[in-house]
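The values are calculated or read from the model by the stated rules, or taken from the named source; none is laboratory data. Everything quoted here is computed from the prediction, not taken from an experiment. Cβ atoms come from the backbone with ideal geometry, glycine included; neighbour counts cover every protein chain shown. Note: accessible area is taken over every heavy atom of the protein model, side chains too, but ligands, DNA and RNA are not part of it. Shrake-Rupley method; radii C 1.70, N 1.55, O 1.52, S 1.80 Å.
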Amino acid sequence: MFRARAAVAAAGAAAFLAAGIPTAYAAESQAPTVLWASSVSDDLGTLQVAISSDSAVTAIRAHIVSPVTGQEVAVVETDAFALHSGTADDGVWRTGQPLSLPALGNYTVRVEATDADGDRTTADSAGSLAYYVQAVFEDVRTDRAEVDIDDRQVRVDGVLKGRRPDTRALEPLVDHPVVLDVDHMPDRTTRTDEQGRFSASVTVNLATQIQAVFRYAEEFPYVLYGSSSELPVGIRQVATRWTVQSPAEPRTIDFGQEVSLTATLERETPQGWAPFAGQSGGVLFEPAAPGQSAVVGGFTTDEAGRIAFTHAPWETGSFLLTSRSDDPFVAPASVNSAPVTVLRSAAFSRFTAVRTQDRGVLVEGGMEFTDGWTPGTIPVRVQHSRDGRTWKDVTTVEAYWSGQDYAFSAEIASAAPGFLRARFDATSSFRAATSAAVKPGRP
């Protein structure tokens, strides 16, 4: 039974197809799909339409409709279109020439499309046609590529034209507003003359870009935005320099002693160097050895460009003066003063010399460092002199903390008659010290 039924079914299907009637499995052709319609962005009077279909598109008809009145103002027939990109069954079609419409404005586009299968579709709101004048800038230039602190004005010249959507012709836009942007912000608005020319000056306070821009204006509602290329303008910084009056030469001071710092800031002018008033900055005291700088203070230069400070440095170093301005036209300047050597005090608190039974001499002494700082090692030279004027080293010993002072002692065998004393040599941080000269006594 199954086979017979299958044979009958097969015969019936064959007869059905032979009669030309499609089965449920036969594919039906599809009408074209209008994807979108619009103006070409850089050619606003040219219409473009994107269409997709299961066979080649053979006919396109576009109706241009005023959205205000709802009235049709133009019909674009198939022969006006040419395939711009893609394929005939999935592509973008453009008009070869811009459309000629009775008035500027925005229009609704209704599109009818037919394909090779004879299928037809209508898209009532396929897109819009922006039938506007496009603002175009020509020959925009500045009168200078760099400004300085005394003259920050830049003149901008150029021409503003409009590209018509119907002819693509560029025509001067007369009495139209042009905004000059500085660093992407509106700075100055001027207007064009009878030839579309404009000229105006702007103030430049930093290295930046200048651009001429036409923005929407209610008086010209059918002229679209346009801008020139960005024109770079740099700045030329004014040179500055410091002159230190004090300390101008290297000097040595005791720890705790104040040093007066005086200096003058100058700026370069066409007439030469001149005092620079009203400039801010700060002063540090930089140690000569690696370490942390000390803050001396901040300043603003007076009418003569001068600053003055007093400071008691705690170690050897120099003053670092730095001026910095919020004005990008002013170059920073810095300088170090002459070095200041800071020496801490050293003194012998006691020194004695006593003869021993074997005709030698025992010397003893102590040192004090009143500033609370001491060298890492404290070498003491014991010296001998026959006359108290010419001295010769006898021995060198090291002083150590005794609980009261930094004590030292030494035994000198066969000491000749005369005087003895102790000597501590100056270091980079400590002054020299010499004990009193004594004659060895008897115990």
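Apply the Karplus curve 6.51 cos²θ - 1.76 cosθ + 1.60, θ = phi - 60°, to the phi angles in segment 339-352 and return the couplings in whole Hz, x for Gly and Pro.
x, 10, 8, 9, 10, 8, 7, 9, 8, 8, 8, 6, 7, 9
Ordering 373, 93, 273 from largest to smallest accessible area (1.4 angstrom probe), what's the sequence?
373, 273, 93
Taking R0 as 60 Å, what FRET efficiency do you get between residue 358 and residue 306 from their Cβ-Cβ distance, rounded to the nearest 0.05?
According to the calculation, E is roughly 0.30.
With both partners inside the chain, how many of the DSSP beta bridges are antiparallel, as a percent to the nearest 5?
Taking every DSSP beta bridge with both residues in the chain, the antiparallel ones total about 90 percent.
Through the Karplus equation 6.51 cos²θ - 1.76 cosθ + 1.60, θ set to phi - 60°, convert the phi angles of segment 389-394 into ³J(HN,Hα) values in whole Hz; use x for Gly and Pro.
Per-residue couplings from phi come out as 10, 9, 10, 9, 5, 9 Hz.
Roughly speaking, what is the centre-to-centre gap between segment 188-251 and segment 368-414 when only Cα atoms are used, to the nearest Å?
If we compute the Cα centre of each part, the gap is 74 Å.
Among 282, 127, 341, whose Cα projects farthest towards the positive end of the dipole of the chain, with charges put on the beta-carbon of Lys, Arg (+1) and Asp, Glu (-1)?
Most positive-ward Cα: 341.
Could you work out how far apart the two model spin labels at residue 194 and residue 438 are, taking each label as a point 7 Å from the Cα in the direction of the beta carbon, and quote it in nm?
It is 11.3 nm.
What FRET efficiency comes out for the pair residue 171/residue 84, r = Cβ-Cβ distance, R0 = 22 Å, nearest 0.05? Before the final figure, lay out each step's value.
Details: r = 27 Å, r/R0 = 1.22.
According to the calculation, E is roughly 0.25.
Using amide H atoms built in the peptide plane, which far-off residues or other-chain residues are under 5 Å from residue 46 H to H?
Here the answer is 40, 99, since their amide H atoms fall under 5 Å of that of residue 46.
State the percentage of accessible surface on the chain attributable to carbon and sulfur atoms; use a 1.4 Å probe and exclude ligands, DNA and RNA.
50 percent
Net charge near residue 241, counting Lys/Arg +1 and Asp/Glu -1 over other residues with Cβ under 9 Å of its Cβ?
Net charge in that neighbourhood comes out at -1.
Can you give the accessible area of residue 378, probe radius 1.4 Å, in Å² rounded to 10?
Residue 378 exposes around 10 Å² with every protein chain in place.
If I take R0 = 35 Å and measure r between the Cβ atoms of residue 245 and residue 389 in this structure, what FRET efficiency does the formula 1/(1 + (r/R0)^6) give, to the nearest 0.05?
Efficiency at R0 = 35 Å is approximately 0.25.
Can you give me the Cα centroid spacing of segment 161-181 and segment 425-443 in angstrom?
96 Å
Taking the Cα-to-Cβ direction at residue 69 and at residue 215 and moving 7 Å from each Cα, how far apart do the two end points lie in nm?
With each label placed 7 Å out from Cα toward Cβ, I get 3.4 nm.
Which residues among segment 75-113 fall inside the zone where the amide N is under 14 Å from a point 7 Å beyond the Cα of residue 55, along Cα→Cβ?
Output list for this probe position: 89.
Take the chain, connect every pair of alpha-carbon atoms lying under 10 Å apart with a spring to form a Gaussian network, then pick out the residue of 387, 124, 150 with the largest mean-square fluctuation.
Most flexible of the set in this elastic network: 387.
Rounded to the nearest whole Å², what accessible area per residue is found for the chain with the 1.4 Å probe?
Numbers: 23910 Å² over 443 residues.
For the chain, the solvent-accessible area averages 54 Å² per residue.
Specify which labelled value, from (i) 26.2; (ii) 21.9; (iii) 32.8, agrees with Kirkwood radius over Cα pairs in Å derived from the coordinates of the model shown.
Only one option fits the structure, namely (iii).
What residue among 97, 153, 211 has the largest mean-square fluctuation in a Gaussian network model of the chain, using Cα springs under 10 Å?
Maximum fluctuation in the GNM of the chain, among the listed residues, is at 97.
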